[in-house]
Amino acid sequence: MLDMLVVGGGYVGLAAAVAVKQAAPHLDVMVVEAAPESVWKKDMRASAIIAAASKMLEVLGVWDEIAPEAEPITRMIVTDSRTSDPVRPVFLTFDGEVAEGQPFAHMVPNVTMVGALRGACERLGVTIRHGLSATGFVTDDSKTTLTLSDGSTLETKLLVACDGVRSKLRDMAGIKTVNWDYGQSGIVVTVEHERPHGGCAEEHFLPSGPFAILPLKNNRSSLVWTERSSDAERLVASDDLVFEEELERRFGHKLGALRAVGDRRAFPLGLTLARAFVAPRFALAGDAAHGIHPISGQGLNLGFKDVAALAETIVEADRLGLDIGSVNILERYQTWRRFDTFRMGVTTDVLNRLFSNDNTLLRIARDFGLGIVDRLPSLKSFFIGQAAGTTAKHNPRLLAGEAI
């Protein structure tokens, strides 16, 4: 029988397996992933990794492999305008360091991050089984039995669902969610540009939603471009000439000529919060527990915070000789993470509603607020520390750069 079985082989699922196995090598940990083995190599997207998460990845022994491909965010600017405005005034700027030589975030190619975590699984002896989806599970006093799509079963003391925002395991566990659709989609695309970005990230608040420019290596940037869903579908389906013309209207010409590279995809945006994170011998982590708007760039980082809290809960219980699948033990993880997740979900919801519109009075009020924040260095330092995850009280040890 397994000690921990993780369903979902993305960054959160892999990180959870590595964190637990590294701290408690005697535990038998396995990952089951529905996608074929090589599919992760085709993911050309990139993700923002905050300072606290990079500390965790360093403790897990994978940051040295990731770092050469990671682009530090050295500065961030915020604008609020219409697409047609000839000038976009900058209302707020942030320096990109939470401490000397420590950026508040890095942009990391997904393929690099997943590759490093998979390598760590292999070194630690975590088995990854591909091409198998979960079709059901039953739980008794001592174990959970998971049935897979090939008819086989696996027994485990603890089942961890990291199977995404539309988690089938969450539904099977009977855990309800709070959710709504924003009527927006996020277009994710990588662009090449003539001039260097200097590590500067930009968040342009436009009437249809935020347009984020995030720096990558080699004169490239990752875009998270929010549009109304019908417009996003039209843009993604358009030819290169139309798409790049619309892109330039939003991106501007400060970095020279632009060219979209790789696939462009649109993802529907909404808010999904699980009403519970745990059940007997069962825990949710990552998007299976919470899906939020990308306006703050915190989605993946919330998942890494889940990993740090869950791993610490499991490992400390095991060291005390306690049952790691007991709901009484797992309640600590739920208490640790649920309020932070709810707070971030509400924050991103309010920000999206406040900025994704063309209301003149709201525009005046929010621009006045941004201007005040820009003139208060101590308040800016507080916000950047919050975004980096370095100022939170009672952080799990991994997020502070400490081994469990």
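Of all residues in the stretch 261-277, which are surrounded by 14 or more Cβ atoms within 10 Å (Cβ to Cβ) and part of a loop (DSSP other than H, G, I, E, B)?
276, 277
Being assigned to a loop (DSSP other than H, G, I, E, B), surrounded by fewer than 21 Cβ atoms within 10 Å (Cβ to Cβ), among the acidic types (Asp, Glu) and on the phi < 0 side of the Ramachandran plot is true for just one of 150, 64. Which residue is that?
Result of the check over 150, 64: 150.
With respect to the numbered conditions (1) buried (at least 23 other Cβ atoms within 10 Å of the Cβ); (2) without any contact (Cβ under 8 Å) to a residue 40 or more places away in the chain, which one is the sole condition not fulfilled by residue 237?
Only one criterion is unmet by residue 237, namely (1).
Can you tell me which residues in the stretch 141-185 are closer than 14 Å to residue 283 by Cα and free of Cβ contacts under 8 Å to residues at least 24 places away in the same chain?
Selection gives 171 alone.
Restricting to the stretch 314-329, and then to whatever is assigned to a helix (DSSP H, G or I) and touching a residue at least 60 places away in the same chain (Cβ under 8 Å), can you tell me which residue is nearest to the chain's Cα centre (by Cα)? Before the answer, list the steps.
The initial filter retains those residues of the stretch 314-329 that are assigned to a helix (DSSP H, G or I), namely 314-319, 327-329.
In the following step, the residues that additionally are touching a residue at least 60 places away in the same chain (Cβ under 8 Å) were identified as 314-316, 318-319.
Values: 314: 22, 315: 24, 316: 26, 318: 28, 319: 30 Å.
Out of the qualifying residues, it is 314.
Which residue, of 340, 358, 318, is within 23 Å of residue 25 (Cα to Cα) and acidic (Asp, Glu)?
Going through 340, 358, 318 in turn, just one is within 23 Å of residue 25 (Cα to Cα) and acidic (Asp, Glu): 318.
Any chance the stretch 278-293 includes a residue that's in a loop (DSSP other than H, G, I, E, B), in contact (Cβ under 8 Å) with a residue 12 or more places away in the chain and closer than 30 Å to residue 363 by Cα?
The answer is yes, given that some residue of the stretch 278-293 is in a loop (DSSP other than H, G, I, E, B), in contact (Cβ under 8 Å) with a residue 12 or more places away in the chain and closer than 30 Å to residue 363 by Cα.
I'd like the full set of residues that are aromatic (Phe, Trp, Tyr) and buried (at least 20 other Cβ atoms within 10 Å of the Cβ), limited to the stretch 311-349.
Scanning the stretch 311-349 gives 333, 336.
In the stretch 69-86, is there at least one residue being assigned to a loop (DSSP other than H, G, I, E, B) and buried (at least 19 other Cβ atoms within 10 Å of the Cβ)?
For the stretch 69-86, residues assigned to a loop (DSSP other than H, G, I, E, B) and buried (at least 19 other Cβ atoms within 10 Å of the Cβ): present.
Restricting to the stretch 8-32, and then to whatever is over 13 Å from residue 128 (Cα atoms) and touching an Asp or Glu at 6+ places or on another chain (Cβ under 6 Å), can you tell me which residue is surrounded by the fewest Cβ atoms within 10 Å (Cβ to Cβ)?
Filtering first and then ranking leaves 27.
Kindly list the number of the only condition in (1) more than 30 Å from residue 285 (Cα to Cα); (2) small (Gly, Ala, Ser); (3) surrounded by 15 or more Cβ atoms within 10 Å (Cβ to Cβ) that fails for residue 221.
Condition not satisfied by residue 221: (1).
Okay, residues lined up against (1) in a helix (DSSP H, G or I); (2) crowded, with 21+ Cβ neighbours inside 10 Å; (3) not aliphatic (A, V, I, L, M):
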{"residue": "3", "(1), (2), (3)": "no, no, yes"}
{"residue": "6", "(1), (2), (3)": "no, yes, no"}
{"residue": "52", "(1), (2), (3)": "yes, yes, no"}
{"residue": "56", "(1), (2), (3)": "yes, yes, no"}
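When the residues of the stretch 294-307 are filtered to those that are among the small types (Gly, Ala, Ser), modelled with pLDDT under 95 and not in a loop (DSSP other than H, G, I, E, B), which remaining residue is farthest from residue 16 (Cα to Cα)?
296
Scan the stretch 240-260 residue by residue and report those that are part of a strand (DSSP E or B) and either among the basic types (Lys, Arg) or exposed (fewer than 12 other Cβ atoms within 10 Å of the Cβ) (or both).
259, the sole residue that qualifies.
Please count how many residues of the stretch 93-115 are modelled with pLDDT of 85 or more and either farther than 13 Å from residue 17 by Cα or assigned to a loop (DSSP other than H, G, I, E, B) (or both).
12
Condition first: aliphatic (A, V, I, L, M) and closer than 30 Å to residue 80 by Cα. Now tell me which residues in the stretch 316-372 satisfy that.
344, 346, 350, 351, 354, 361, 362, 364, 365, 370, 372, listed by residue number.
The values are calculated or read from the model by the stated rules, or taken from the named source; none is laboratory data. The structure presented is a predicted model; accordingly, all values stated were derived computationally and were not measured. Because the Cβ atoms are built from the backbone with ideal geometry, glycine has one as well, and the counts that use them run over all protein chains shown.
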